[in-house]
1. If the Cβ limit is 6 Å and pairs must be 6+ apart or interchain, which residue in the stretch 43-70 that is within 17 Å of E193 (Cβ to Cβ) pairs with which residue that is modelled with pLDDT of 95 or more and among the aromatic types (F, W, Y)?
2. Kindly indicate the residue of the stretch 155-188 that is assigned to a helix (DSSP H, G or I) and touching a residue at least 60 places away in the same chain (Cβ under 8 Å) and also farthest from Y112 (Cα to Cα) among those meeting that condition.
3. Limited to the stretch 101-120, what total is found for residues that are surrounded by fewer than 21 Cβ atoms within 10 Å (Cβ to Cβ) and either touching a Cys at 6+ places or on another chain (Cβ under 7 Å) or under 18 Å from A198 (Cα atoms) (or both)?
4. Going by the structure shown, is I109 more than 19 Å from K158 (Cα to Cα) and within 13 Å of the chain's Cα centre (by Cα)?
5. Name the residues in the stretch 130-139 that are surrounded by 14 or more Cβ atoms within 10 Å (Cβ to Cβ) and not charged (D, E, K, R), would you?
6. Tell me which residues, restricted to the stretch 30-45, are within 10 Å of the chain's Cα centre (by Cα), crowded, with 24+ Cβ neighbours inside 10 Å and part of a helix (DSSP H, G or I).
7. Among the residues of the stretch 140-164, write down those that are in contact with an Asp or Glu (Cβ under 7 Å, 6 or more places away or on another chain) and either basic (K, R) or exposed (fewer than 15 other Cβ atoms within 10 Å of the Cβ) (or both).
8. Please give the number of the condition Q27 fails out of (1) crowded, with 20+ Cβ neighbours inside 10 Å; (2) under 24 Å from K150 (Cα atoms); (3) polar (S, T, N, Q).
Amino acid sequence: MTKIKATNITWHEGHVGREEREKMLNQKGALIWFTGLSGSGKSTIAYTLEHALIQRGHLAYVLDGDNIRHGLNKNLGFSAEDRTENIRRIAEVGALFIDTGVITLTAFISPYKADRDAARETVGEGNFFEVFCDTPLAVCEERDPKGLYKKARAGEIKGFTGIDAPYEAPDKAEMIIDTSKMSPQEATVALCEMLESAGKIGGLAE
């Protein structure tokens, strides 16, 4: 699914580069990739961070897993192949957003390490920040905000990550957050500090 099928196409370079866009925004593009089990706090933290960045005068945008499946990826299911394509498409969108200078936040279970590594390769080191919401399964299942664990336990959902489908934890995440021990606000402070240390926000104006 990753081969280019179109023929007679040529890449066109524009007159404005990434550096010019970043200078205008006074920030540098980045992709913050939240991964973890359903109910681990990915979306909550992503939207909290987005709000905080906007309040600080930075342009940020959340690409949420469920929301994306209502549009761009509505033709994909939850097979291993479809999950891989789901992540591939989001990585490509993330790369485009980075080129605009936007700080992009993604909230996807993205259970397979190979898919996340491929996303990192797509956007490039220095642009990709993997944030593992390492919240215990028991806590996620107790929260069960969408009622999905209950359905999975009842056999109504097959191939549900953490129950009868695997989740491969990151081995080189830029940050690990256990939302049973850290609030979204505390996580947001830590993530802003991470972005500052990486030179993506703060102290960029000349």
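1. A46/F34
2. Residues of the stretch 155-188 that are assigned to a helix (DSSP H, G or I), as a first pass: 184-188.
From what is left, the residues that are touching a residue at least 60 places away in the same chain (Cβ under 8 Å) are 184-185, 187-188.
On the way: P184: 25, Q185: 28, A187: 24, T188: 25 Å.
Out of the qualifying residues, it is Q185.
3. 1
4. Values: more than 19 Å from K158 (Cα to Cα): no; within 13 Å of the chain's Cα centre (by Cα): yes.
Here the answer is no, as I109 does not meet what is asked.
5. Step one: of the stretch 130-139, the residues surrounded by 14 or more Cβ atoms within 10 Å (Cβ to Cβ) are 130-137, 139.
Correct list: V131, F132, C133, T135, P136, L137, V139.
6. Passing the criteria: only K42.
7. Residues satisfying the conditions are K150, K158.
8. Of everything listed in (1) crowded, with 20+ Cβ neighbours inside 10 Å; (2) under 24 Å from K150 (Cα atoms); (3) polar (S, T, N, Q), Q27 misses just condition (2).
The values are calculated or read from the model by the stated rules, or taken from the named source; none is laboratory data. Here the structure is a predicted model, which is why all the values come from computation and not from measurement. Positions of Cβ are backbone-derived with ideal geometry, glycine not excepted, and every protein chain shown enters the neighbour counts.
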